[in-house]
Amino acid sequence: MRAVRGRAARRRGVATALAVAAVVALAAGCTAPDGAPPVTSSEQPTGSTTPSPTSGAGATEPGHAVATLGEPEELTTGLEAPRGLTFLPDGSALVSERRTARILRVPADGGDATVVGVVPDVTPSAEGGLLGIAASPGFAEDRTVYAYVSGASQNRVVVLTVADDLGSLAVERVLLDGIETADRHHGGRLVLGPDGHLWIGTGDAFEPTNAAVEDSLNGKVLRITTDGEVPADNPGGSPIFSSGHRNVQGIAFGPDGTAYASELGHRTWDEVNVLRPGEDYGWPDTEGIEGDTGVAPIATLHPDEASPSGVAYAAGSLWIGALGGQRLWQLPVDGGVATADPIEHLVGTYGRIRTVEVAPDGALWLVTSNTDGATWGGTSPAEGDDRILRVEVVPPAG
């Protein structure tokens, strides 16, 4: 039997959290997959008990200058459940489609996406399939792309080799396997960190206790080398970097190397966390600011207004895609501290935002997830028609 670690009796670190000001009615039971709006039965009364918003330590005064956004520009459309995005040296991007297992190429200046190839041995489920992808920094020479893949019996991270003409691909080897699979809660974000290592967000495979089981790779943030080895400075000599996570779908790094992660909550609080080695982030005993175990998040958001997925850092802020919330959140940060309240953008304009990445020119590329939203009864202005948008980030004055 797998051992469950001892859980901390109280929060470690500074127990402050930023909360969005809106109070929403929360349905009893389980949220729809991937953060789609909850379905409320007439036999399931809703409640509206929400803690008062609080400002985190070091929050700025109202009106403090923060980055702003330009007008969105549509780059490509007609995608089917896109999930991951990674840039190539020429400024174009590769995009993974969750259900078709295709990898597409989108030109740097937009236009029709072309098919690079189909990743074999992918088993789609409610939330599983071909998930995160990350191109090697040396892609021009090694043609290497890393991918997080759902299989029939487990999830795994694989190395792909892409042909010189971008017209085909092949699986070279498996870097990491043994990640439990399920219909839902796969995590699936895959990022190359500034340390040169692969950072992997996993979900609890719809079994909350997995996040607290020491030798389970689920409900964790994993960190491995690009050769599939355990970095010498990983805690505990395993791929596990941090634990106590419910469903991590976003990882990004600040200019000082601070690692941030977005995490889908159950039904009360979504989280933005600063990742530190060996730390426990509280799930399943604690959700957001409800509970007293694990490291406190630096910010919390309501699932109906967030259900966060991809996250990127640019111009002093985290930019967080919201699925159920159908918007883009901005969280100003500095050195692992939230410095102002979250700011919402593009509310309901483009539907569910799955992935946010910073392009080589500093603009944000936003990937929508409306095909999946339509599958689960969601509604949006672009239901069933997914696209990629480019948005300029305007740094704060001064």
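The values are calculated or read from the model by the stated rules, or taken from the named source; none is laboratory data. Predicted model only: the values in this text are computed from it and were never measured. Positions of Cβ are generated from backbone atoms using ideal geometry, with glycine treated the same way; all protein chains shown enter the neighbour counts. Calculation scope for accessible area: heavy atoms of the full protein, side chains included, ligands and nucleic acids excluded. Shrake-Rupley method; radii C 1.70, N 1.55, O 1.52, S 1.80 Å.
Some observations on this one:
- Gain upon complete extension [Thr77, Val115; 0.36 nm per residue less C-alpha separation]: 12.3 nm
- A cut-off of 5 Å between modelled amide H atoms, ignoring neighbours fewer than 5 places along the same chain, links Ile251 with Ser262, Val311.
- Per-residue SASA remark: Phe139, around 10 Å² accessible (1.4 Å probe; ligands, DNA and RNA not included).
- Heavy-atom accessible surface of the range 150-238, averaged per residue, reaches 38 Å², computed with a 1.4 Å probe.
- Percentage of interatomic Cα-Cα distances in the range 168-324 larger than 28 Å: 15 percent
- Residue among His185, Gly228, Leu198 farthest towards the positive dipole end of the range 171-263, charges placed on Cβ: His185
- Whether the range 247-367 is rounded, prolate or oblate, judged on the alpha carbon gyration tensor where a/c under 1.5 counts as rounded: oblate
- Cα-based Kirkwood hydrodynamic radius, the range 175-233, one decimal, Å: 11.8 Å
- Accessible-area composition of the range 98-155, carbon plus sulfur, in percent [1.4 Å probe]: 49 percent
- Each residue of the range 294-303 is assigned a 3J(HN,Hα), and the resulting list reads x, 6, 6, x, 7, 7, 10, 9, 6, x Hz, derived from the Karplus form 6.51 cos²θ - 1.76 cosθ + 1.60 (θ = phi - 60°), x at Gly and Pro.
- Fraction of accessible area attributable to carbon and sulfur, the range 305-370 (%, probe 1.4 Å): 47 percent
- Integer Hz, Karplus 6.51/-1.76/1.60 couplings in order for the range 86-101, x for Gly and Pro: 9, 8, 9, x, 8, x, 6, 9, 9, 10, 9, 9, 4, 8, 7, 6
- Of all accessible heavy-atom area on the range 161-279, the percent that carbon and sulfur account for (1.4 Å): 48 percent
- His64-Asp227 pseudo-label distance in nm [points 7 Å out on the Cα-to-Cβ vector]: 4.4 nm
- Its alpha carbons give the range 198-260 an Rg and a Dmax of 11.7, 35 Å.
- Cβ-derived FRET efficiency at R0 45 Å, Asp334 paired with Val174, nearest 0.05: 0.70
- The residues of the range 58-123 expose, per residue, 44 Å² of accessible area to a 1.4 Å probe.
- Cα lying deepest toward the dipole's positive end in the range 233-347, options Val337, Ser243, Gly325, charges on Cβ: Gly325
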